[in-house]
Amino acid sequence: MPIDEKTVQATFERMKEKLAEFIPAAELKTKAEIVYEINRLKKERNAVILGHNYMEPALFHTVPDYVGDSLELSRKAAETDKEIIVFCGVRFMAETAKILNPNKTVLLPAKKAGCSLAESITASDVRKLKKRYPGVPVVSYVNTYADVKAESDYCCTSGNAVKLVQSLNSDRIIFLPDEYLARNVAKESGKKIVFPVKSRLGLRYPDPNLEYEMIGWNGRCEVHEQFTVADIENVRKKFPDVYILAHPECSPEVTAAADFSGSTSAMIRAVQQVKANRYLLLTECSMGDNIAAENKDKEMLRLCSIRCPHMQEITLEDTLASLQKTQYIIKVPEKIRRKALRAVERMIAVA
Ligand code: 13P
Ligand code: SF4
């Protein structure tokens, strides 16, 4: 298929305007050609591309039909009438799209694209918890695999976790698997939380007869657990006017020391609305580049360059290959999918 040079040039100009400070012009030229081919194939194959806020800038600002946080993208996946969903995010997100769309082809542009949280818990772990605390509802973070969702009563994201927990008419809940998100949710909803403790003999579960309202798990996000209160104090010393935003996967000490905590999209909106001229994001650093490209009137401070190694696996080149070769197809066994659907639909219903 001959390439339409005019369209490629126009794409290149648009990309240069937004991304010149992050990507050299020569590289942008090549990327503009890839964008052209992705957009052509997307139409030809009747596909929709969903892009998480953590995607690299050259991808985030070009090919997705929708960008957003986990909750927004799950909703877009539920609504689409396209035959193919290309999920530019990590595996648990693509799996969630498949749970909602059993008859569509869902593609993840990288073979693995895991997540340290999703890998921190198994379906068997959840079954053991349910046996230990019979009748206690299980809320799982969306950052879990389909078999864990299938054992759960509800799913939530960082965008609606507090609301969902507050809406449950239960004295006690099990909240999995992110320790820090659980602690942040417990703090915000005024609930007492306890955790299983690792010992030489295996896991020691909290005594069901003691007083507490939430039972958590020991998963951590390998990116957000790296931010510390000392980081915040050091930046505030140098820049007292800085506005600091932290994702709720950071420790409760970090979110308390920050000015704002919310989902990735909530952080984007907060940067757009805040009056301060300087801001600092405590989250995956590609999202920082994506925000900086759209908020050139404000100064973004850089603390470090922590990228999520799993999100990083998805590139423009992989997205093109995904559409060309129909790879990598997400499969969820029907029995698991049907069980997981209930928890995912409940998640989508909570604003
Ligand atoms: P959001 O739902 O806030 O986009 O977060 C997803 C995630 O994996 C953050 O690390
Ligand atoms: Fe998982 Fe953390 Fe990466 Fe988000 S940033 S996908 S929680 S490892």
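Each value in this text was obtained by applying a stated rule to the coordinates, not by laboratory testing. Here the structure is a predicted model, which means the values were calculated and not measured. Cβ coordinates were reconstructed from backbone atoms using ideal geometry, including for glycine residues, and neighbour counts include every protein chain displayed.
In the chain, with Lys and Arg counted as +1 and Asp and Glu as -1 at Cβ, which of these residues, 308, 165, 267, has the Cα nearest the positive end of the dipole, that is, farthest along it?
Farthest towards the positive pole: 165.
Can you give me the angle between helix 25-44 and the longest principal axis of the chain, using Cα atoms only, in degrees from 0 to 90, rounded to the nearest 10?
80 degrees
Expressed as a whole number of Å, what is the distance separating the alpha-carbon centroids of segment 24-40 and segment 136-189?
With segment 136-189 and segment 24-40 each reduced to a Cα centre, they are spaced 40 Å.
For residue 66 and residue 163, compute 0.36 nm times the residue count separating them, minus their Cα-Cα distance, and round to one decimal in nm.
Numbers: separation 97, 0.36 × 97 = 34.92 nm, distance 2.44 nm.
Value of the extension gain: 32.5 nm.
Ranked by Cβ crowding within 10 angstrom, fewest neighbours first, how are 85, 3 ordered? Don't jump to the answer; show the numbers that get you there.
On the way: 85 25, 3 11.
Ordered by Cβ neighbours within 10 Å, fewest first: 3, 85.
What order do you get for 287, 347, 300 when you list them from fewest to most C-beta neighbours inside 10 Å? Could the numbers behind the result be given before it?
Numbers: 287 24, 347 27, 300 16.
Fewest to most other Cβ atoms nearby, the residues stand as 300, 287, 347.
So what is the relative contact order for segment 90-162, in percent, with contacts set as C-alpha pairs under 8 Å and at least six apart?
Values: 83 pairs, mean separation 22.7, N = 73.
Once divided by the residue count of segment 90-162, the mean separation gives 31 percent.
Determine, for 255, 315, 122, 144, the number of other Cβ atoms within 10 Å of each Cβ, and report the residues in order from fewest to most. Don't skip to the end; give the middle numbers.
Details: 255 26, 315 18, 122 15, 144 32.
Least crowded to most crowded, the residues run 122, 315, 255, 144.
Given the peptides 267-274, 33-40, 182-189, arrange them by the average over their residues of other C-beta atoms within 10 Å, most packed first.
Working: 267-274: 16.4, 33-40: 19.4, 182-189: 21.2.
Averaged packing, sorted descending, gives the order 182-189, 33-40, 267-274.
Among the lysines, which fall within straight-line cross-link reach of residue 339, defined as a Cα-Cα distance under 20 Å, with same-chain neighbours fewer than 8 residues apart omitted?
List returned: 98, 104, 128, 130, 131, 149, 331.
Using unit Cβ charges (K, R positive; D, E negative) and no other charged atoms, how large, in debye to the nearest 20, is the dipole of the chain about its Cα centre? Numbers along the way, then the final one.
Details: 52 positive and 47 negative charges, 211 e Å.
Charge dipole of the chain: 1020 debye, to the nearest 20.
Over the chain, what number does the Rg to Rh ratio reach, with both radii from the alpha-carbon atoms and Rh per Kirkwood? List each step's numbers first, then the result.
Numbers: Rg = 20.9 Å, Rh = 21.2 Å.
Result: Rg/Rh = 0.99.
Which of the peptides 212-222, 320-330 is most tightly packed, and how do the rest follow, going by the mean number of other Cβ atoms within 10 Å of each residue? Could the numbers behind the result be given before it?
On the way: 212-222: 20.5, 320-330: 16.8.
The densest-packed peptide leads the list: 212-222, 320-330.
Roughly how tilted is helix 70-79, in degrees to the nearest 10 and between 0 and 90, from the longest Cα axis of the chain?
70 degrees
Need the C-alpha centroid separation for segment 239-295 versus segment 54-71, integer Å.
Computed from Cα coordinates, the inter-centre distance equals 18 Å.
Report, in debye and to the nearest 20, how large the dipole of segment 251-351 comes out about its Cα centre when Lys and Arg carry +1 and Asp and Glu carry -1 on their Cβ.
Details: 15 positive and 12 negative charges, 117 e Å.
With only Lys, Arg, Asp and Glu charged at Cβ, the dipole is about 560 debye.
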